[in-house]
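Peer 1: Here it is, the structure in full.
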Amino acid sequence: MLFYLIAILVIVMDQLSKYLIRANIDINETFTLWGIPLTHIENSGMAGGLFQGYARFFVVVAVLFVIGVLYFRKTEEMKGALIDSSFGFLVGGAIGNGIDRLLFGQVTDFIIRSGGILNLADHAIEIGGLLLIIHGVVSWLKSKAIDSLKNGDQ
């Protein structure tokens, strides 16, 4: 349930923020909201402006990614709040940007930070990736602790 809740929340927040930007801010216009500089750009590539013009290709990648995650969730033994949160952020971000690419042939970006201009879906993907790394480290540490206990019992 946590997976679906996070994914849906990410999609809704991402699409709402992009709608508000597209409806109220001209392309290349910069403004400040709560001390955060924002610039409206449209990106037909991927994060950082790489591979411009391949937006439709990235729709296919997003669909395959979401299918892979859904399949993986049903077949693997990776369970728990941390991995569900990770996958929720990753899938929500992939779908959020996929919707833009499918409907508009480009993604609305507006959050300025070092390394480029991103959107909420991009940040959700980063959070999901970080949670996935944390899950991997925690799982590894647990397996080492279990191995240590098994070897200590002999």
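Peer 1: Using a 1.4 angstrom probe on the protein heavy atoms only, line up TYR4, TYR19 by accessible area, largest first. Don't skip to the answer; put the middle values down first.
Peer 2: Details: TYR4 110, TYR19 135 Å².
So, going from the largest accessible area down, we get TYR19, TYR4.
Peer 1: Can you work out ³J(HN,Hα) from phi for every residue in region 115-125, in order, using Karplus 6.51 cos²θ - 1.76 cosθ + 1.60 and θ = phi - 60°, giving whole Hz and x for Gly and Pro?
Peer 2: Couplings: x, x, 10, 10, 9, 5, 4, 4, 5, 4, 5 Hz.
Peer 1: Just to verify a number: what accessible area does VAL60 come out at with the full protein assembly present, 1.4 Å probe, Å² rounded to tens?
Peer 2: 80 Å²
Peer 1: Considering only protein heavy atoms, with the full assembly of protein chains and a 1.4 angstrom probe, order PHE31, PHE87 by accessible area, largest first.
Peer 2: Values: PHE31 50, PHE87 20 Å².
From most accessible down to least: PHE31, PHE87.
Peer 1: Still on this structure, please answer the following. To test your reading of the geometry: what angle, between 0 and 90 degrees and rounded to tens, separates the Cα axis of helix 2-24 from the longest principal axis of the chain?
Peer 2: Approximately 10 degrees, to the nearest 10.
Peer 1: Taking LYS150 as the anchor, which lysines have their alpha carbon closer than 26 Å to its alpha carbon, excluding any fewer than eight residues away along the same chain?
Peer 2: Excluding near neighbours in sequence, the set is LYS79, LYS142.
Peer 1: While we're here: Among (1) 69, 34, 29; (2) 46, 37, 27; (3) 49, 30, 27, find the value of Cα extents along the principal axes in Å that was calculated from the structure presented, and write down its label.
Peer 2: Looking at Cα extents along the principal axes in Å for this model, the match is (1).
Peer 1: Give the distance, in whole Å, between the Cα centre of region 74-111 and the Cα centre of region 112-154.
Peer 2: The two parts, judged by their Cα centres, are 17 Å apart.
Peer 1: Determine the sum of side-chain charges near ASP14: Lys and Arg each +1, Asp and Glu each -1, restricted to other residues whose C-beta is under 12 angstrom from that of ASP14.
Peer 2: Numbers: positive: LYS18; negative: ASP100, ASP109, ASP122.
Net local charge, ASP14 excluded: -2.
Peer 1: Right, next: Helix-derived [θ] at 222 nm for the chain: sum -39500 (n - 2.57) over DSSP H runs of at least 4, divide by residue count, nearest 500? Provide the component values of the computation, followed by the final result.
Peer 2: Numbers: 4 runs with 102 residues, N = 154.
Value at 222 nm, helices only: -23500 deg cm²/dmol.
Peer 1: Of SER143, SER114, SER148, SER44, which has the most accessible area with a 1.4 Å probe, and how do the rest follow in descending order? Walk me through the numbers before you get to the answer.
Peer 2: Details: SER143 50, SER114 105, SER148 75, SER44 25 Å².
Greatest to least solvent exposure: SER114, SER148, SER143, SER44.
Peer 1: Leaving out ligands and nucleic acids, and using a 1.4 Å probe, what accessible area per residue does the chain come to in Å²? Display every interim value, and only then the final one.
Peer 2: Numbers: 9410 Å² over 154 residues.
Each residue of the chain exposes 61 Å² on average to a 1.4 Å probe.
Peer 1: Enter the angle in degrees (range 0 to 90, nearest 10) between the Cα long axis of helix 55-75 and the first principal axis of the Cα atoms of the chain, meaning the one along which they spread out most.
Peer 2: 20 degrees
Peer 1: May I ask you to derive the FRET efficiency for SER139 and PHE57 from their Cβ-Cβ distance with R0 = 30 Å, giving the value to the nearest 0.05?
Peer 2: On the way: r = 33 Å, r/R0 = 1.09.
Approximately 0.35, to the nearest 0.05.
Peer 1: Would you tell me the accessible area of VAL137, worked out with a 1.4 angstrom probe on the heavy atoms of the protein chains, in Å² to the nearest 10?
Peer 2: Surface open to solvent at VAL137 totals about 80 Å².
The values are calculated or read from the model by the stated rules, or taken from the named source; none is laboratory data. Since the structure is predicted, the reported quantities are computational estimates derived from the model, not experimental observations. Neighbour counts are summed over all protein chains in view; Cβ atoms, including those assigned to glycine, are modelled from backbone coordinates with ideal geometry. Keep in mind that these areas ignore ligands, DNA and RNA; they rest on the heavy atoms of the full protein, side chains included. Shrake-Rupley method; radii C 1.70, N 1.55, O 1.52, S 1.80 Å.
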